[in-house]
Amino acid sequence: MTHSAILSAAGLTKTELAGGSLVVLSPIDGAEIAHLTETALADMPSVIARAQQAFALWRTVPAPRRGELVRMLGEELRKAKAELGALVTLEVGKITSEGLGEVQEMIDICDFAVGLSRQLYGLTIASERPGHRMAETWHPIGPVGIISAFNFPVAVWSWNAALALVCGNPIIWKPSEKSPLTAMAAHRCLERAIARFGDDAPEGLSQLVIGGPEIGAALVDSKAVPVLSATGSTRMGAFVGPKVLARWGRPILELGGNNAMIVAPSADLDMAVRAIVFSAVGTAGQRCTSLRRLIVHRDIRATLVEKLRAAYASLPVGDPRNGATLVGPLVDGAARAAMIAQLDRARGEGGVVHGGTPVSENVPQGGAYITPALVEMPRQTETVRAETFAPILYVMEYETLEEAIEMQNDVPQGLSSCIFTLNLREAETFLSAAGSDCGIANVNIGPSGAEIGGAFGGEKETGGGRESGSDAWKGYMRRQTSTVNYSAELPLAQGVRFDI
Ligand code: UN1
């Protein structure tokens, strides 16, 4: 399919893709696929005001009815899966299967949120006073701002959108400047669902704003946006988090990761190799959950590196639309230059680099193709401790599990982690209070590709936010504790006496 056929199949018209100032490039071949009109900064106050108006209505719609809207969104996404998946591939360069997987992740969270819409459970709490009842209720909180990154251009939005909507909140979405088209197409699915849903979905319930950081900053700065969920770099989060807090808003941050795998002597090495390769080179190393550090026991290091080098040597790098390709292009030339610069730094610190070579043959011209790199490091240097959004896997060795866990935790980020071992003691130690300090810790599974049912997010410079499953919905609601006195007395708590 041609680029324009993919765009039109996803419902984007030639008129809306032309004439604007935001140039969108395809990582496949660097082609300019759109010139989009950006949201005017001056329009942001009215966008936010519309969301506030929508909130006044939406919060009164019963949650299971709100769930019905998300159920319809799931239906629209199912219908549009192939077209949206192809657009993800065109706009951010994911291989076909991962483009489709991203849409599936949206469908999954819709299903989750529909069930959730009947389970926004509060607690009843035993009161210390006779004739009193205490309860905790969860209420809608207000417009939720969603700032999303290019690497999961629609799935991460849907985690936030599906939860925010069933929780009774309008949403305003600012996608990455690198992936506004997938956002437009996905948003259109929601608009279709809203049109089918009926009048109790207020105007302004969901809005999409297109543009650069200043558009995002308008959401970050507005007191009328009580929850701001932002996914992206730690640098971005360090700007967004304090600003939202300073105006007493609630940030939900999902920032950098520097995810490791510990490979213990008892590990099933063939399984480990498959997990390593998928998580280190899948999505061309551009997931926040991508595997970036391999901490291997000394006794098996040579064997594992040999197996990995063999696996890396046969990896098909190329056009992501081709079904045989496993490694597509990086998002742009700057990302490839950053990867090369980082490999040079690693060499300077004693690293031995395998791969990391730009590819220009048998790939579409104009894309940033490069072979994934495996880097044997003498120790965990500063370069290793920094996140590079590219397929670089640093390999280091350890002797004792304690040392491995210490190395795993000794980075600024705390998103995802894993251990490959068949030893129960090692596995449980890794998952214990003295084990991995990350938001996600797996055993015999790589660090990426989490299911939507669990809470997603991490500690330290990853930002501390939780999205997606489990009770992450609580981040999108306000909690109210209520005490009802149905007695004829007025006893005070803590035995305080105040008789008048
Ligand atoms: C991200 O890279 O921002 O666990 C999200 C995963 C995906 C989500 C990644 N389900 O790899």
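Quick check: anything in the stretch 241-249 within 16 Å of the ligand (Cβ to nearest atom) and over 16 Å from the mean Cα position of the chain (by Cα)? Show your work before the answer.
Here is the first cut: in the stretch 241-249, the ones within 16 Å of the ligand (Cβ to nearest atom) are none.
Checked the stretch 241-249: no residue is within 16 Å of the ligand (Cβ to nearest atom) and over 16 Å from the mean Cα position of the chain (by Cα).
Residue-level analysis places Val240 outside the set of residues that are among the β-branched types (Val, Ile, Thr), assigned to a helix (DSSP H, G or I) and surrounded by fewer than 23 Cβ atoms within 10 Å (Cβ to Cβ). Across the stretch 262-285, not a single residue is classified as of a type outside the set (A, V, I, L, M), under 20 Å from the mean Cα position of the chain (by Cα) and in a loop (DSSP other than H, G, I, E, B). Does Leu422 satisfy the condition of being free of Cβ contacts under 8 Å to residues at least 60 places away in the same chain and away from the ligand (no atom under 16 Å from the Cβ)? Criteria not met by Leu422.
Report the residue count in the stretch 25-51 for those that are among the polar types (S, T, N, Q) and surrounded by 16 or more Cβ atoms within 10 Å (Cβ to Cβ).
Keep residues of the stretch 25-51 that are among the polar types (S, T, N, Q), which gives 26, 37, 39, 46.
After this cut, where a residue has to be surrounded by 16 or more Cβ atoms within 10 Å (Cβ to Cβ) as well, the list is 26, 39.
Number satisfying all stated conditions: 2.
Any chance the stretch 471-487 includes a residue that's in contact with a strand residue (DSSP E or B) (Cβ under 9 Å, 6 or more places away or on another chain) and surrounded by 24 or more Cβ atoms within 10 Å (Cβ to Cβ)? Yes.
When you scan the stretch 234-256, how many residues do you find that are small (Gly, Ala, Ser) and within 19 Å of Ala183 (Cα to Cα)?
Residues in the stretch 234-256 being small (Gly, Ala, Ser) and within 19 Å of Ala183 (Cα to Cα): 0 in total.
Please work out which residue is farthest from the ligand (Cβ to nearest atom), limiting yourself to the stretch 270-308 and to residues that are in contact (Cβ under 8 Å) with a residue 40 or more places away in the chain and in contact with a Pro (Cβ under 7 Å, 6 or more places away or on another chain). The qualifying residue farthest from the ligand (Cβ to nearest atom) is His297.
Taking the stretch 116-231 as the region of interest, the helices (runs of 4 or more DSSP H) fully inside it that hold 2 or more residues being within 16 Å of the ligand (Cβ to nearest atom) are 155-166, 180-197. Candidates Thr383, Thr371, Thr400: the one that is in contact with a Ser or Thr (Cβ under 8 Å, 6 or more places away or on another chain) and on the phi < 0 side of the Ramachandran plot is Thr371.
Taking the criterion of being in contact with an Asp or Glu (Cβ under 9 Å, 6 or more places away or on another chain) and among the hydrophobic types (A, V, I, L, M, F, W, C), the residues of the stretch 187-203 that qualify are Cys189, Leu190, Ala193, Phe197.
How about the stretch 117-132: which of its residues are loosely packed, with under 15 Cβ neighbours inside 10 Å, more than 17 Å from Ala493 (Cα to Cα) and not hydrophobic (A, V, I, L, M, F, W, C)?
Step one: filter the stretch 117-132 for residues loosely packed, with under 15 Cβ neighbours inside 10 Å, giving 118-119, 121, 123-126, 128, 130-131.
Applying the additional criterion that residues be more than 17 Å from Ala493 (Cα to Cα) yields 118-119, 121, 123-124.
Hits for the stretch 117-132 are Arg118, Gln119, Tyr121, Thr124.
Scanning the stretch 440-476 for residues that are without any contact (Cβ under 8 Å) to a residue 60 or more places away in the chain and within 11 Å of the ligand (Cβ to nearest atom) yields a total of 2.
Every number here is computed from the coordinates shown, using simple stated rules; none is lab data. As the structure is a computational prediction, the values presented were derived from the model and not from experiment. When we count neighbours, we look across all protein chains shown, and the Cβ atoms used for this are built from the backbone with ideal geometry, even at glycine.
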